[in-house]
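In what follows, a structure is listed as structure tokens, so that the remarks can point back to it.
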Amino acid sequence: MPGALKVFITGASSGIGSALAGHYAQQGAVLGLAARRGDQLEALAAALSGAGAKQVSCYPLDVTDAAALRVAADDFIARCGTPDIVIANAGVSSGTLTECAEDLEVIRRIFEINVYGMAATFSPFIAAMRQQGRGRLVGIASVAGIRGLPGAEAYSASKAATITYLESLRLEMRASGIKVVTIAPGYIATPMTAINPYRMPFLLPADEAARRFARAIERGTSYTVIPWQMGLVAKALRLLPNAIYDRLFANAPRKPRTL
């Protein structure tokens, strides 16, 4: 579909994914939306079609299912063409404690979705994007990946892994014309953060976050923290010696164990 921006988004049924889909719909984009909750996807697709999206294709799937993602990618490319932007947004968050044996399966699931699911999202699109010599692979990381947070071993570690994975991928794609964009959000008002029982500084509404994400994606920014205030905090945390960091954060509020 010449002329229309083509965007494929995972984790699209709510939160940041839904907000990004809404943003691109207003630009008349052709959208491929993937998420586990098919009923929510269909409802979103109907709303986006009325909001300006040129075409919306829905793919109910789990991002840990690489075969299902490949089928979805092949279908989207066949029907709509090679995407200009692929956004690996699907992710889960939960408090975890390594000492609790029942949390081990939760830890595995968080890594499968947040890390493996990102690679599985990008993989089936890369050959076609290489052929067209352009595009954006966008990974949604988190400031939680900058330093480990207490009670969030799995989430912090998984987001640290995505940041490093995306850096490696950026180097691999350097000569292809494909730009790899790493976005590390701070606190965004979504169902995922709504359960946090603590103050969230610089909290951004999801629609405003989506607009800022889209600007970074358009520029092809290699790495950015949004909002920028959290970027300053992240830089400061990186520089803190372990002894000081440990003293400051050992008793920080914990994310609930919910998964």
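The numbers here are math on the coordinates, done by the rules we state, and not lab data. Quick caveat, the model's predicted, so the values are computed rather than measured. All Cβ positions, even for glycine, are placed from backbone atoms using ideal geometry, and neighbour counts span all protein chains on display.
Relative to the current alpha-carbon distance between R254 and L239, full extension at 0.36 nm per residue lengthens the span by 3.1 nm. Distance between the pseudo-spin-label points of A43 and A175 (7 Å out from Cα toward the beta carbon): 4.9 nm.
Straight-distance candidates among the lysines for linking to K54, with alpha-carbon spacing under 18 Å and chain neighbours fewer than 8 residues away dropped: K6. Phi-derived couplings, Karplus 6.51 cos²θ - 1.76 cosθ + 1.60 at θ = phi - 60°, listed residue by residue for the range 113-120: 6, 6, 9, 4, x, 5, 5, 5 Hz, with x used for Gly and Pro. Considering helices alone, the calculated mean residue ellipticity of the chain at 222 nm is -15000 deg cm²/dmol, with DSSP H runs of length four and up weighted by -39500 (n - 2.57) and normalised per residue.
The amide H of G135, built 1.01 Å from its N in the peptide plane, has K179 as neighbours under 5 Å, considering only residues 5 or more places off or on other chains.
A straight Cα-to-Cα reach below 24 Å connects K255 with the lysines K159, K235, residues fewer than 8 places away in its own chain not being considered.
Here the calculated FRET efficiency for V71 and R219, from their Cβ-Cβ distance with R0 = 35 Å, stands at 0.65, rounded to the nearest 0.05.
Ordering T164, T121, T193 by the number of other Cβ atoms within 10 Å of each residue's own Cβ, fewest first, gives T164, T193, T121. All other residues whose Cβ lies under 15 angstrom from that of S176 are scored, Lys and Arg at +1 and Asp and Glu at -1, for a net of +4. Phi-derived couplings, Karplus 6.51 cos²θ - 1.76 cosθ + 1.60 at θ = phi - 60°, listed residue by residue for the range 241-249: x, 4, 4, 6, 4, 4, 5, 6, 10 Hz, with x used for Gly and Pro. A cut-off under 13 angstrom between Cβ atoms defines the neighbours of G231, and their net charge, with Lys, Arg +1 and Asp, Glu -1, is +3.
Look at the alpha carbon pairs under 8 Å that are at least 6 residues apart: their mean separation over the length of the chain gives a relative contact order of 19 percent. Charge dipole (Cα centre; +1 on Lys/Arg Cβ, -1 on Asp/Glu Cβ; no other charges) of the chain amounts to roughly 840 debye.
I want the local charge near A144. Using Cβ-Cβ distances under 10 Å, sum +1 for each Lys or Arg and -1 for each Asp or Glu among the other residues.
Value of the local net charge: +3.
By the beta-carbon count within 10 Å of each Cβ, the least crowded to most crowded order of Y223, Y155, Y198, Y165, fewest first, is Y198, Y223, Y165, Y155.
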